[in-house]
Amino acid sequence: MDAPGPDATTYDALIRRCGQPRLEARVLLAHASGHPREWLIAHGDAPVPPAIADAFGDLCARRAAGAPIAYLVGGREFHGRHFDVDESVLIPRPETELLVEQCLARLGPAGLAAPGGAPAVLELGTGSGCIAITLACERADLRLTATDGSPSALATARRNAQRHGVAARIDFRLSAGGPDWWTPIGADERFASIVSNPPYVARDDAHLRDGDLRFEPLAALTDQSDDGLASIERIIAGAATGPLSPGGWLLLEHGFDQGTAVRARMRDARLDEIQTLTDLAGKDRITLGRRAN
Ligand code: GLN
């Protein structure tokens, strides 16, 4: 490659001058340029084409205004896989991987034919699809149903399912949104496991006006209830009365201070073996319960 002329900007100079932390700047420049981060490190003194410098400048300005990196680059890793994300879906969080792992651990060994064939799993509020798709990728024998109240979220989830080659095993369904969690599920449908990371942030929680959350879909974060528990209550009550097969597990993600309340709701719904598990930060994060046989 030609040596940069006196006025040419190099990749290193752009990163130095952009005002963003170096690591984030490299992620954004990799996205703007189409070059992997390793290439940027190896070719820091190469001249930057003006179109790339402009695209990078635009990303940096949006980042400076608070836009989450995952939305700026259009993707995020979850459980070791890439998922496309956009403003219609929640950005996948590492703590949600616990929900997936617990669900997998409770489905029983792969290949054991369940009565009625392959085990069916339901995910309510799938967003990017990261939970349902990871389950499908990890267990080739699963059939999944995944709902969401947002057509654009479902479009993103379908695209992610195709990317990971599991679209044929996931039945994506549009729900009515709001409190109507169960509308797309037929009265006679049964699932070996039901899993959800529903909105659980309380309506007035200051975090909704903070950091990344400001840019995420509000309906994925809060159902506008005072305590953030309205969706969790409907999901528990609905699961326990029918869709959850006898012996099946309900697994829910929730806020760090909601474990006691979620366990109480599961007891009210007569679920057994109820327990709350903590995330890597040691905070209550998921609660599970089992329908009696
Ligand atoms: N875990 C998210 C947070 O950072 C909330 C996600 C949700 O409401 N399901 O608050």
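Residue-normalised convex hull volume from the C-alpha trace of the chain: 140 Å³ per residue. Sorting HIS254, HIS82, HIS207 by solvent-accessible area of protein heavy atoms yields HIS207, HIS82, HIS254, largest first, with a 1.4 Å probe.
Using a probe radius of 1.4 angstrom, the carbon and sulfur fraction of the accessible surface of region 8-134 is 55%. Excluding ligands, DNA and RNA, the accessible surface per residue across the chain is 47 Å² with a 1.4 Å probe. Along its principal axes, region 56-97 has C-alpha extents of 32, 16, 15 angstrom, given from the largest down.
Shape of region 220-293 from its Cα gyration tensor (a ≥ b ≥ c, root eigenvalues): rounded if a/c is under 1.5, otherwise prolate when a/b > b/c, or oblate? Oblate.
Note on the chain: with a GNM built from Cα contacts shorter than 10 Å, the maximum mean-square fluctuation among ALA176, ALA155, ALA187 falls on ALA187. Return, ordered by residue number, the residues of region 34-54 whose backbone nitrogen is under 16 Å from a label point located 7 Å along Cα→Cβ of ARG22. Inside the label zone: 37-45.
Over the C-alpha atoms of region 48-140, the Rg to Rh ratio, Rh being the Kirkwood estimate, stands at 1.16. Once every Cα of region 121-234 carries one equal point scatterer and solvent is ignored, give the base-10 log of I(q)/I(0) from the Debye formula at q = 0.11, 0.12, 0.19 Å⁻¹, two decimals. For the requested q values the scattering log ratios are -0.36, -0.43, -0.98.
Applying 1/(1 + (r/R0)^6) with R0 = 22 Å to the Cβ-Cβ distance of VAL73 and HIS43 gives a FRET efficiency near 0.65. The share of C-alpha pairs in region 133-189 whose separation exceeds 13 Å stands at 59 percent. Of the solvent-accessible surface of region 156-293, computed with a 1.4 Å probe and all protein chains present, 48% belongs to carbon and sulfur. Between ALA13 and GLN224, the FRET efficiency estimated from the beta carbon spacing at R0 = 41 angstrom works out to 0.30.
Once you've got the GNM for the chain with C-alpha springs shorter than 10 Å, pick whichever of GLY19, GLY178, GLY66 has the biggest mean-square fluctuation. Per the Cα network of the chain with a 10 Å cutoff, GLY19 tops the list. The convex hull defined by the C-alpha atoms of region 174-241 has an orientation-averaged projected area of 5.1 nm². With a ≥ b ≥ c taken as the square roots of the eigenvalues of the C-alpha gyration tensor of region 154-293, please select rounded if a/c is under 1.5 and otherwise prolate if a/b is larger than b/c or oblate if it is not? Oblate.
The values are calculated or read from the model by the stated rules, or taken from the named source; none is laboratory data. This one's a predicted model, so the numbers in the text were calculated from it and none came from an experiment. Please note: Cβ atoms are built from the backbone with ideal geometry, for glycine as well, and neighbour counts cover all protein chains shown. When the accessible area is computed, the model is the full protein with side chains, heavy atoms only, and any ligands, DNA or RNA have been set aside. Shrake-Rupley method; radii C 1.70, N 1.55, O 1.52, S 1.80 Å.
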